[in-house]
Amino acid sequence: MTTPLADAMSQLAIYDSLTGSKRQFVPLKAGQVGMYVCGMTVYDYCHIGHARVMVAFDMAVRWLAQLGYDVNYVRNITDIDDKIIARASENGEEIGALTQRFIDAMHQDASALGCQMPDAEPRATDHIDEMQQMIGNLVNNDYAYAGDHGDVYYAVDSFADYGKLSKRNLDDMQAGSRVEVETDKRNPFDFVLWKAAKPDEPQWASPWGQGRPGWHIECSAMSTKCLGDTFDIHGGGHDLQFPHHENEIAQSEAATGCEYARNWMHVGFINVDGEKMSKSLGNFFTIRDVTAKYLPETVRFFLLSSHYRSQVNFSDSALDEAHNSLSRLYNALKLAEQQKGQSIIINAELVAEAYDSAAGQDFIKAMNDDFNSSTAISVLFGLARDVNKAVKAEDVTAAWQSAQQLKALAQVLNLLQQPVQQFLQAATGEQADNGLDDAAIDALITERHDAKASKNFARADEIREQLKQAGIELEDSRAGTTWRRA
């Protein structure tokens, strides 16, 4: 007998940026998925745009694994680059010390956002040999050429399919180009594979002289090394589609003669208050900036509340709304746990039962529709409403069942997995202080209960109004009174 998720494995559809269509996902090897995602260039702290890419692919990997796939998730680290060299020089810091510092910070940020570590994190400087081998292959087969000053370039007009990912025509690009032809370039759109050495910069010996690799060749070499000539999914931010991913295709397919990636996934942009995030505009936020103000799970919830391909607007009001929405889900769990008198503990049996329910089937349908976490979260809110209705109706069994399903389905999104009271207590410090701490609120609720018991309803109403003015909402049931900050 097959399980709902076993049946669902063959129903996953992914939007492929290359074909511009949503297609049934068919892996190269049954039951296995190879995924490569372009990672960070480690010269600074990760920003909220990086957070979106981290969370989006963490969500995708978790869902693929939930479906039963054995996922090999590779995310590279670019630890040699012009920006890294410039920042190290500016700081008077060794390049290795700088990059390790920001690699450690990146791992801390990803962990805070509830992201699992990739299965492999190849660093560019560990794969110089593979890059040189690929460059040599391209030169020997006339896809690349050495300039007169030690640089090696990829000849874009040698690859007939150049532009197929970004839907750009090379002839049109050249006709409208104002790019000045560099001394050694045959075409203004040719891109560097190997950079000739400069004084006081890291360098390696090569057939073309001392130097270091270009950015694009790094990902081609590392993805091939880790996943083979062809693999299932290549991902990254939308901003990488051109030129980075376009150039990866040109390099890799010319070097191997094989299709590079079967599916291309690109994560949408994040704007800040309706504008592109930029340090020059003063609207640039690191993950650390945001998680210092909002709980990391709130940030994760915010990012998953929109489809990964959509453009998202980041603002304080959007994060406040995410906080309130996530708190509503946790409060539904709190009501059910209070009524039942125990905490919900998720196990494999409960997860299987949850996916077999009507809500579970809706959740599967959403996630199999190109990882639509936004619609999946709406299923969670439906379950939260079911919990609230059942609690009010004093139907303990129905409330408990819906709450179990809610927490079990949220598990794959890595949401709602904290102990309820732990999250809600932490959440009270996330919003602006209303002048009442938890102890003061509980004391007023106790006083109100005593006032009602002694039929002093005027005082009971007075306390309710006092709490309301302080932004505290009460909900009465036979199980008692619960509260939340509005």
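At-a-glance table
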read-out: All positions within region 223-240 that are part of a helix (DSSP H, G or I) and in contact with a Phe, Trp or Tyr (Cβ under 8 Å, 6 or more places away or on another chain); value: Ser223, Cys226, Leu227, His238, Asp239
read-out: Counted residues, region 214-259 - those being closer than 19 Å to Lys29 by Cβ, of a type in the set (D, E, K, R) and in contact with a helix residue (DSSP H, G or I) (Cβ under 8 Å, 6 or more places away or on another chain); value: 3
read-out: Filter result (among the basic types (Lys, Arg) and in contact (Cβ under 8 Å) with a residue 12 or more places away in the chain) within region 231-285; value: Arg262
read-out: Pairs, first touching a residue at least 60 places away in the same chain (Cβ under 8 Å) and crowded, with 16+ Cβ neighbours inside 10 Å in region 201-212, second among the β-branched types (Val, Ile, Thr) and in a strand (DSSP E or B), C-beta under 9 Å, six or more apart; value: Ser206/Val152; Trp208/Val152; Gly211/Val152
read-out: Single match in Val139, Val152 (criterion: buried (at least 22 other Cβ atoms within 10 Å of the Cβ) and either in contact with an Asp or Glu (Cβ under 7 Å, 6 or more places away or on another chain) or farther than 30 Å from Ala410 by Cβ (or both)); value: Val152
read-out: Residue in region 31-47 that is without any contact (Cβ under 8 Å) to a residue 12 or more places away in the chain and not aliphatic (A, V, I, L, M) present; value: no
read-out: Within region 1-108, strands (runs of 3 or more DSSP E) holding 2 or more residues that are under 19 Å from the mean Cα position of the chain (by Cα) and not basic (Lys, Arg); value: 13-16, 32-37, 70-75
read-out: Only one of Phe381, Phe423 that is out of contact with any helix residue (DSSP H, G or I) (no Cβ under 6 Å at 6 or more places or on another chain), in contact (Cβ under 8 Å) with a residue 24 or more places away in the chain, part of a helix (DSSP H, G or I) and not polar (S, T, N, Q); value: Phe381
read-out: Residue among Ser325, Ser278 that alone is under 27 Å from Gly382 (Cβ atoms) and either out of contact with any strand residue (DSSP E or B) (no Cβ under 6 Å at 6 or more places or on another chain) or surrounded by 14 or more Cβ atoms within 10 Å (Cβ to Cβ) (or both); value: Ser325
read-out: Met106 vs. criteria touching a helix residue (DSSP H, G or I) at 6+ places or on another chain (Cβ under 7 Å) and hydrophobic (A, V, I, L, M, F, W, C); value: no
read-out: Qualifying positions in region 455-472 - at pLDDT below 80 and not basic (Lys, Arg); value: Asn456, Phe457, Ala458, Ala460, Asp461, Glu462, Glu465, Gln466, Gln469, Ala470, Gly471
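So that you can scan it fast, the table gives a plain yes or no per residue for (1) in contact with a Leu (Cβ under 8 Å, 6 or more places away or on another chain); (2) under 22 Å from Thr428 (Cβ atoms):
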position	(1), (2)
Arg288	no, yes
Arg300	yes, yes
Ser306	no, no
Arg309	no, no
Phe314	no, no
His323	yes, yes
Leu326	yes, yes
Tyr330	yes, yes
Lys334	yes, yes
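The values are calculated or read from the model by the stated rules, or taken from the named source; none is laboratory data. If you're wondering where the values come from, they're calculated on a predicted model, not measured in any experiment. Positions of Cβ are backbone-derived with ideal geometry, glycine not excepted, and every protein chain shown enters the neighbour counts.
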